[in-house]
Amino acid sequence: MGKTVFMFAGQGAQYPDMAKDLYEHFPIIRETFAEANQVLGYELEDLIFSENSKLNETQYTQPAILTVDVAIARLLIDQGIQPEAALGLSLGEYAALVIAGAIDFQAAVALIAKRGQYMSEAAPTGTGKMVAVMNTPIETIEAACAQASEKGIVSPANYNTPQQVVIGGEAQAVDYADELLKAAGSKRLIELNVSGPFHTALLQPASEKLAMALNLVEFKPLQIPVVSNTTAQFFELEDIPTLLTRQVMTPVRFFESINTLIIKGFDTFIEIGPGKTLTGFMKKIDKSQTTYRVENIETLNTLLDIGEK
């Protein structure tokens, strides 16, 4: 295996029974859940391994995904697969910082529970909207958002790949940006089923509350480099609280973050956690890179089989 990066899934990737077969087979997964449960005061098993609507509510989704992300990463390390760098998509950034040793897992769970709550309060379900803009020059998207801002808050929220940028904000302003983009030649605009317009200025109240919570957390030196969503550069220890504060209300620069790692010689990317969103992005960013994903026993065995060859 080459120079390996762990990539951590973020909000929106969750589904009922995620990681259930791994939970049943591996003590380290169960131990990680138990650690999180101590902090949360409820059983993640009840939340994830049964049909209930709470799994899609931000304040519950975030601790659930963080725990699954960290549990699977610990399992991989236990199986001899060591990351040499890490990054995550939005919420997944916290899992990357846990695995890098910058923050204790239980401290991260407590922080994420607050983050989810603050984000829910700042942007209740139904507040604003988010739209994925496909195959449109980035400067055209940014210009449309700038012009549409006369109707309210709208801006790029996720730079996922060079061909896919998500915009978000207040509904009226996003709709106007859509009209401008269609007039400029955009053919595919996909409204996303998300609970709020994250990574936009509408989340400023959440960012301000999170800043206070982050000031109470002790961050430790990173054992491996982690790329920040906000800057697409490697975190410096002293900047972690500031960047995590900004991250809630500023764009996620995913494809630039991947390019930062490729330039540094990283060539093997393992998506960890529910779904396959990030490996999908990787194919659009640079399909020459080697990618894997691990979310269940089948995908784990595929990775381990290759690792043994």
Among the residues of the stretch 100-144, which ones are within 30 Å of Gln38 (Cβ to Cβ) and assigned to a loop (DSSP other than H, G, I, E, B)?
Ala100, Gly101, Ala102, Ile103, Asp104, Ala123, Pro124, Thr125
What pairs come up if the first residue lies in the stretch 279-291 and is farther than 13 Å from Phe254 by Cβ and assigned by TED's automatic domain parsing to the domain that holds Phe266, the second is of a type in the set (Phe, Trp, Tyr) and assigned to a loop (DSSP other than H, G, I, E, B), and their beta carbons are under 9 Å apart, counting only those six or more places apart or on different chains?
Gln289/Phe266
Residue check for Thr302: farther than 30 Å from Asp175 by Cα and of a type in the set (S, T, N, Q)
yes
What residue, of Leu55, Leu22, Leu47, Leu40, is in the same structural domain as Met282 (by TED's automatic domain parsing), over 30 Å from Ile262 (Cα atoms), without any contact (Cβ under 8 Å) to a residue 24 or more places away in the chain and aliphatic (A, V, I, L, M)?
Leu47
Kindly check whether there is at least one residue in the stretch 177-199 that is under 19 Å from Thr127 (Cβ atoms), free of Cβ contacts under 8 Å to residues at least 60 places away in the same chain, crowded, with 21+ Cβ neighbours inside 10 Å and touching a His at 6+ places or on another chain (Cβ under 7 Å).
no
Looking at the stretch 245-267, is at least one residue without any contact (Cβ under 8 Å) to a residue 24 or more places away in the chain and either surrounded by 18 or more Cβ atoms within 10 Å (Cβ to Cβ) or farther than 25 Å from Gly101 by Cα (or both)?
no
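To keep it simple, each residue is scored yes or no on (1) of a type in the set (Lys, Arg); (2) at positive phi; (3) outside any strand (DSSP E or B); (4) touching a Gly at 6+ places or on another chain (Cβ under 6 Å).
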site	(1), (2), (3), (4)
Val166	no, no, no, no
Ala173	no, no, yes, yes
Ala177	no, no, yes, no
Lys182	yes, no, yes, no
Ser186	no, no, yes, no
Val194	no, no, yes, no
Pro197	no, no, yes, yes
With criteria (1) surrounded by fewer than 20 Cβ atoms within 10 Å (Cβ to Cβ); (2) in contact (Cβ under 8 Å) with a residue 40 or more places away in the chain; (3) of a type in the set (Ser, Thr, Tyr), Thr4 comes up short on (1)
With the condition kept exactly as written, say whether any residue in the stretch 221-233 is out of contact with any Phe, Trp or Tyr (no Cβ under 7 Å at 6 or more places or on another chain), within 17 Å of Leu91 (Cα to Cα), among the aliphatic types (A, V, I, L, M) and in contact (Cβ under 8 Å) with a residue 40 or more places away in the chain.
no
Take the residues in the stretch 184-210 that are modelled with pLDDT of 90 or more and among the hydroxyl-bearing types (Ser, Thr, Tyr), then tell me which one is nearest to Thr245 (Cα to Cα).
Ser207
Touching a Pro at 6+ places or on another chain (Cβ under 9 Å), over 28 Å from Ala122 (Cβ atoms) and in the same structural domain as Tyr94 (by TED's automatic domain parsing): does that describe Leu261?
yes
Among the helices (runs of 4 or more DSSP H) confined wholly to the stretch 1-95, which include 2 or more residues that are at pLDDT 95 or above, under 30 Å from Ala157 (Cβ atoms) and not hydroxyl-bearing (Ser, Thr, Tyr)?
27-40, 44-48, 58-78
Restricting to helices (runs of 4 or more DSSP H) lying wholly in the stretch 236-309: which have 3 or more residues that are of a type in the set (Asp, Glu)?
297-308
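The values are calculated or read from the model by the stated rules, or taken from the named source; none is laboratory data. Only a predicted model underlies this, so the values are computations on that prediction, with no experimental measurement involved. Counting neighbours? That spans all protein chains shown, and the Cβs are built from the backbone with ideal geometry, glycine included.
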